[in-house]
Amino acid sequence: MIHRRSFLLSTAALAAYGTTGQAQAPMPGMSDSPAGMGAMNGGLQAKPSGLDLPQGEPLRSLSRLHSASTQPGSFVATITAAPTTIEFIPGLRTEVLAYNGSVPGPLIEVSEGDNVSLHFANRVPGQDSTIHWHGLPAPPDQDGNPMHPVASGSDRTYAFKLPEDSAGSFWYHPHPDKHTPEQVFRGLAGAFIVKPKVNLLPDLDDTILFITDLRLDGEGVILPNTESDWANGREGDHILVNRQKRPVLNVSPGASHRFRFYNACNARYLRLAFEGHTMALIGTDGGLISEAVKGLTEILLAPAERAEVVVEFGPSAGRLSLRTLPYDRGSMMGAKLSAVDTPIMSIEIAGPVVAPILLPSKLRDIASLGTPVARKRITFGEQMQMQANGAMSFEGRIDGKPFELFRVDLVSQVGETELWEVSNPTDMDHPLHLHGTQFQVVERERYGSASPEPILAWKDTVNVARGEIVRFLARQDMPGLRVYHCHILEHEERGMMGTLSVQ
Ligand code: C2O
Ligand code: CU
Ligand code: CU
């Protein structure tokens, strides 16, 4: 009970924080610069498309990547990133980038212990790409980092073995040194599920909700980022679930349903809530938590975060929405971000009543990473820089520096538990993501007062609200170069990233 309350409070506090406690100091170099204002406001006036996407179609399940291997324990497949067209709006062909022709990319579903071999063909015209296995413990040279680009027109194979106890809801997306945000908002991203060998959970209906957003102009064209997008992170006008706008999912009265939420948006924050129903949180970025946290009315997901929940729909027939509620993540130049209460999916409860399924009290064992033997401290920064033409451009920083390929910013030792402390003194929230491992958030501090994290959970991305310090325990188990960055992809590309050398 105490856990549930404090969990709820921490979410509510996050939501309330921006409206009351936001730092009001203007950003350096930005306050009254007319050139800056002009450039930024120009970006804000992106005209919304008059055409709308069809709504209310049955929720599609994701297409699947099939293994070419017949050997148990081995998954072998080819993934090609290439342009194609999609009719988001009937009669209008929109040019996108797709993995194997599909947006989102095909679902990759494997099991703990599997050997995975994925051949990647980069057919994105004129741009390097990579595939990064977000959240998975792939060795550094197999993890699609910016240090290992795959040139346009060329190929490579990624191979890694999934360790035991690695089940969870992960994803994959490009991570080249340039063009990551663009390749993702044009369509390159997909779900990667690792199934457990032994399942402690009863067999529930299990639905992946891969949430993205899309901006189309009046001709159905995906336009490039404006300067406001670079500063604030790009948010699309349409929120899509498995590429559909407000689809409908049918469930039986009485059913308990498992959902895997993905925030695969470049920058939009999702505050997810089912009308009239609470959720039991059962999993986070790195798989199941030890015990379900019941009674949650909403879940906040920053870009790249995932959550698994179980919802009991109750015995009566009816219809309700899954919504995303407004969240104030801070912004520059008055942009309205993640700010509109939007229904993103409908649930139709109909048919014969089924018996509810009870969750076991124990879902998984999670051991604490223990006492740290080393510390890391990093600080987010934002800057506006005057361009040659007088326009201002946004620059992201970690510890005052922009990302530089191959420059080592931090060093860790293999196998050592470290306490990471991430500070965000800027005007916007920034979700920190660390490659190569799952970590455990232990504490969040605001205005000098720290509150312990209510649950022990595996995370690879954590929101660091403005004015907040987040502390987590992490351990890296493989030597090599890893990166850490803000997962608002525009910020990552504009320099909010650093390199960790694990030795
Ligand atoms: Cu999901 Cu470094 O990325
Ligand atoms: Cu990652
Ligand atoms: Cu950011």
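One table, with the values for the structure above:
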{"read-out": "Answer residue from segment 290-340, given it is more than 27 Å from Leu136 (Cβ to Cβ), among the acidic types (Asp, Glu) and surrounded by fewer than 21 Cβ atoms within 10 Å (Cβ to Cβ) and is nearest to ligand 1 (Cβ to nearest atom) among those", "value": "Glu298"}
{"read-out": "Selection from segment 159-201 of residues that are in contact with a Ser or Thr (Cβ under 7 Å, 6 or more places away or on another chain) and more than 27 Å from Glu87 (Cα to Cα)", "value": "Ala159, Pro176, Ile193, Val194, Lys195, Lys197"}
{"read-out": "Segment 469-480: number of residues that are in contact (Cβ under 8 Å) with a residue 60 or more places away in the chain, in contact with an Asp or Glu (Cβ under 9 Å, 6 or more places away or on another chain) and not small (Gly, Ala, Ser)", "value": "3"}
{"read-out": "Boolean, Gly236 is at positive phi, in contact (Cβ under 8 Å) with a residue 40 or more places away in the chain, part of a loop (DSSP other than H, G, I, E, B) and of a type outside the set (A, V, I, L, M, F, W, C)", "value": "no"}
{"read-out": "Residue check, Lys178 surrounded by fewer than 23 Cβ atoms within 10 Å (Cβ to Cβ), out of contact with any strand residue (DSSP E or B) (no Cβ under 9 Å at 6 or more places or on another chain), in contact (Cβ under 8 Å) with a residue 60 or more places away in the chain and not hydroxyl-bearing (Ser, Thr, Tyr)", "value": "yes"}
{"read-out": "Any hit, segment 337-356, residues being within 30 Å of Gln383 (Cα to Cα), in contact (Cβ under 8 Å) with a residue 40 or more places away in the chain and of a type outside the set (S, T, N, Q)", "value": "yes"}
{"read-out": "Evaluation of Met392 against (1) farther than 30 Å from Val310 by Cβ; (2) out of contact with any strand residue (DSSP E or B) (no Cβ under 6 Å at 6 or more places or on another chain); (3) among the aliphatic types (A, V, I, L, M); (4) at pLDDT below 95 (one fails), failing number", "value": "(2)"}
{"read-out": "Residue among Arg243, Arg234 that is of a type in the set (D, E, K, R) and either crowded, with 24+ Cβ neighbours inside 10 Å or within 14 Å of Glu308 (Cα to Cα) (or both)", "value": "Arg234"}
{"read-out": "Search result, residues across segment 476-503 that are buried (at least 20 other Cβ atoms within 10 Å of the Cβ), farther than 21 Å from Gln383 by Cα and either among the basic types (Lys, Arg) or away from ligand 2 (no atom under 14 Å from the Cβ) (or both)", "value": "Arg482, Val502"}
{"read-out": "Failed item, numbered, when Arg471 is tested on (1) closer than 26 Å to Ile366 by Cβ; (2) touching a helix residue (DSSP H, G or I) at 6+ places or on another chain (Cβ under 9 Å)", "value": "(2)"}
{"read-out": "Segment 449-475 - residue that is buried (at least 21 other Cβ atoms within 10 Å of the Cβ) and among the polar types (S, T, N, Q) and, of those, nearest to Ser501 (Cα to Cα)", "value": "Thr461"}
{"read-out": "Qualifying residue in segment 117-126 (condition: over 29 Å from Ile282 (Cβ atoms), among the aliphatic types (A, V, I, L, M) and either within 16 Å of ligand 1 (Cβ to nearest atom) or buried (at least 19 other Cβ atoms within 10 Å of the Cβ) (or both))", "value": "yes"}
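The values are calculated or read from the model by the stated rules, or taken from the named source; none is laboratory data. Since the structure is predicted, the reported quantities are computational estimates derived from the model, not experimental observations. Neighbour counts are summed over all protein chains in view; Cβ atoms, including those assigned to glycine, are modelled from backbone coordinates with ideal geometry.
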